[in-house]
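Remarks on the structure that follows.
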Amino acid sequence: MTDAVEFLVPSPKKAAWVIDVAQGTVSWSNPTAKNRFGEALGVSRDGLTYIDRELKDDLTQFLSQSDKSALLCFHWLIRDVSNTLYRCTASVISLGENHHGFSVEAYVCPTEVSNHLPRYYGRKSLPESLNSLIFMTFSCDGERLFLSRRAENLFPAVQSIKDLFAVSGAASYFIQRVKFDLVVQQELRLSTSDGVRWFKLEAHVNPDNGNVDLFAQDIQEVRDLEVELYKWQNYDELTHLPNRHLLYQQLEKAKNNATKRNRRFGLMYLDLDGFKVVNDTFGHRVGDKLLQEVANRIKNTIPPRSCLYRLGGDEFVVVLEHIQDIQELVDIAAEINATCEQTYPVSEMEMVITASIGIACYPEHGEDIDSLLKNADAAMYRSKASAHNGCLLYDAGMTECYSAYLTLGGGLRKAIEEGQFELYYQPKIRSTDEYAVGAEALLRWHHPEWGMIPPDQFIPVAEESGLILPLGEWVIRRACQHIQEWQSLGLPPINVSVNLSGRQFLQHDLVDIVQGILTETKIDPKYLELELTESMLMSDAHETIKKLHAFREMGIMLSIDDFGTGYSSLAYLKKFPIQSLKIDRSFIQDLGVDSDDDAIVKATIAMAQSLNLKVVAEGVESRSQMNLLTNYQCQEVQGFLFAKPMSSTDFVEYLNNRGPDLEAFIDPETL
Ligand SMILES: Nc1nc2c(ncn2[C@@H]2O[C@H](COP(=O)(O)O[C@H]3[C@@H](O)[C@H](n4cnc5c(=O)[nH]c(N)nc54)O[C@@H]3COP(=O)(O)O)[C@@H](O)[C@H]2O)c(=O)[nH]1
């Protein structure tokens, strides 16, 4: 190696070699070049490394045409042993008298550049392909020397390299790095004539003249896609709230902070009460709108520095850091409950929805994220089971109860197959003579291990899983079989009502199923009554009315259950072919105590009578309630004052004692 060559080689880390053009050989190469490029430098023969024939011809031609005293460069592409593309920059050097060669260095080459870079660009005008790239040259002081056509269009006002950058701090840092490292790749925001955009920059200091060659690749679209992808992975599309993925990340951070600083943080699990019914009856569009409204309301209720997440469906989680004591969490949850239950104007309706909340606090209720979430969920479930629109703080006893809930779904399927269900009957009492003139069929599950499970607990699970369809069909069939059995025992033929669930009512072949059961059990349809809820009627009104008329044409009685708790008004009910309505027991509870309830009950009875509807009051527990209802001219009552729900056998006995005389029997349809 000559002294000149040694002087030219900048750093042992950089691949560098020398080409003797006349011989067509690599006359010297440093270890980096040998290791990195191996045979790509040239083919070894007789102790010499011969360069590619075509390259030799090009270099020879280049030498013959150029002024060898000028610092000219020649460029070509080469791949290293791992197939990475490099750009070779060769400068003319003297290898002796009238004997010239090239000193070569290689730089990693961005793919886009590699596709366009011509074999030679020296100092001649840039070829078309390079003009379509964003390529710029600046002097070592940062002054603009050259801009390709595309760069010119994007950065027309650029005089100095600094003018390119959207953030001046980023400019100084980038320029410093280029001066120090000579080759820099970085993604930065540049100010273009189209506004600020993201670019991938690759800058090289040209070893021949110290100028900075800058290739820029517009990656704004890639960045936009990355942002979209991030949003898609971490945010809920409907409510724009962060999702489960971000929740786990924040919980980990909250836990680490709390552990380090010996602090608490709280977690609330929220689930909307009866949201499924809203979806089933009003459709998903209304359901979605309601979810957005609820999410906004909760977000505006929780304190700053807490965050609301949507887990999916109607489930939300609130994470509250910097909590002083657990009572603070309970107070915030109560506040959420209070704001949630205010009406929501959705699709020209005033909708009501409440939330059940379970609370867990770190570290008291779990030392890891999964346990905390599980325990808050268990508390939420417990809260929902005891009353809607409530909140409960986790305690250890809830876990057992919760696992029972989770296994209910699997148990239900088996229970249907193994006949663990039974229908109980609660009499409906005629106010004038207090005889039982009807009954409501109420489902009971005798679980082999857990004993009697109340319907409030398993009906929602059955709805969720779809098992309500076979179960609901079983209920109608069993009730009709009992009606038939009781009549064959010579008892007065009374009317029996069966509860329909929302999902069951939407079943497309429900009318056919009921018709099939009536044919099978041979009972007169007028003794069967279907109890619907207000929300069921609000769904697809046209389909609903069609279905209700089909039932009426069959002779089946129709009634509205839990009247007053839903969305409809008596005037609205006029549209439907129903015969009776049942005032919800929440209005009966405080009769004679809360004058508002008295007023509502009185007005409902009066209006129902004017519409020719029979009124049944449910949940009558005391004589004073009964007296008031009789005064208000309520035709029928149902409640523990007279009888709790009982098995069919007990009901037969009850009817024998309390049922109307056959001779004095009044046909329910005439009531
Ligand atoms: N889709 C179906 N739903 C059903 C079916 N069977 C029952 N259910 C629904 O489950 C809810 C709870 O029912 P249950 O535990 O049977 O409670 C009923 C009565 O026991 C109770 N009741 C009656 N009188 C009183 C009283 O004086 N006080 C008091 N605290 N409770 C009383 O009310 C329930 C009957 O309510 P309702 O149906 O609104 O008339 C309940 O919503 C059932 O509808 C089924 O087969 N399918």
Worksheet entry | Lone qualifier among Arg413, Arg382, Arg430 - being at pLDDT below 90 and surrounded by 15 or more Cβ atoms within 10 Å (Cβ to Cβ) | Arg382
Discussion item. Scan the stretch 479-498 and tell me whether some residue there is surrounded by fewer than 22 Cβ atoms within 10 Å (Cβ to Cβ), at pLDDT below 85 and not charged (D, E, K, R).
Written reply: no
Fill in: First in the stretch 510-522 and on the phi > 0 side of the Ramachandran plot and of a type outside the set (S, T, N, Q), second anywhere and surrounded by fewer than 18 Cβ atoms within 10 Å (Cβ to Cβ) and assigned to a helix (DSSP H, G or I), Cβ under 9 Å, 6 or more apart
Lys522/Gln484
Worksheet item: How many of the residues in the stretch 417-444 are more than 10 Å from the ligand (Cβ to nearest atom), in contact (Cβ under 8 Å) with a residue 12 or more places away in the chain and more than 20 Å from Ser559 (Cβ to Cβ)?
Response: 4
Worksheet item: What are the pairs, 6+ residues apart or on separate chains, where a residue within the stretch 452-471 that is at positive phi and in contact (Cβ under 8 Å) with a residue 12 or more places away in the chain has its Cβ under 8 Å from a residue that is within 10 Å of the ligand (Cβ to nearest atom) and in a helix (DSSP H, G or I)?
Response: Gly466/Arg503
Worksheet item: Within the stretch 115-135, is even one residue at pLDDT 75 or above and surrounded by 14 or more Cβ atoms within 10 Å (Cβ to Cβ)?
Response: yes
Discussion item. One residue is enough: does the stretch 229-250 have a residue meeting the conditions more than 30 Å from Ser306 (Cβ to Cβ) and part of a loop (DSSP other than H, G, I, E, B)?
Written reply: no
Item to complete: Read through the list (1) under 47 Å from the mean Cα position of the chain (by Cα); (2) more than 9 Å from the ligand (Cβ to nearest atom); (3) surrounded by 18 or more Cβ atoms within 10 Å (Cβ to Cβ), then give the number of the only condition that Gly639 fails.
Response: (2)
Worksheet entry | Condition met for Val222 (β-branched (Val, Ile, Thr) and either surrounded by fewer than 19 Cβ atoms within 10 Å (Cβ to Cβ) or not in a strand (DSSP E or B) (or both)) | yes
Worksheet item: How many of the residues making up the stretch 601-626 are away from the ligand (no atom under 12 Å from the Cβ) and surrounded by fewer than 18 Cβ atoms within 10 Å (Cβ to Cβ)?
Response: 10
Response to the item:
Within the stretch 155-181, residues in contact with a helix residue (DSSP H, G or I) (Cβ under 9 Å, 6 or more places away or on another chain) and either surrounded by fewer than 13 Cβ atoms within 10 Å (Cβ to Cβ) or in a helix (DSSP H, G or I) (or both) come out as Ala157, Ile161, Lys162, Asp163, Leu164, Ser168, Ala171, Ser172, Phe174, Ile175, Val178
Response to the item:
Taking the stretch 482-512 and keeping residues in a helix (DSSP H, G or I), more than 14 Å from the ligand (Cβ to nearest atom) and under 26 Å from Lys614 (Cβ atoms) leaves Ile483, Gln484, Glu485, Trp486, Gln487, Val511
Worksheet item: Within the stretch 297-312, is even one residue modelled with pLDDT of 90 or more, part of a loop (DSSP other than H, G, I, E, B) and more than 23 Å from Glu534 (Cα to Cα)?
Response: yes
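The values are calculated or read from the model by the stated rules, or taken from the named source; none is laboratory data. Treat the numbers as computed from the prediction; the structure is a model and nothing was measured. Using ideal geometry, Cβ is built from the backbone for each residue, glycine included, and neighbour counts are taken over all protein chains shown.
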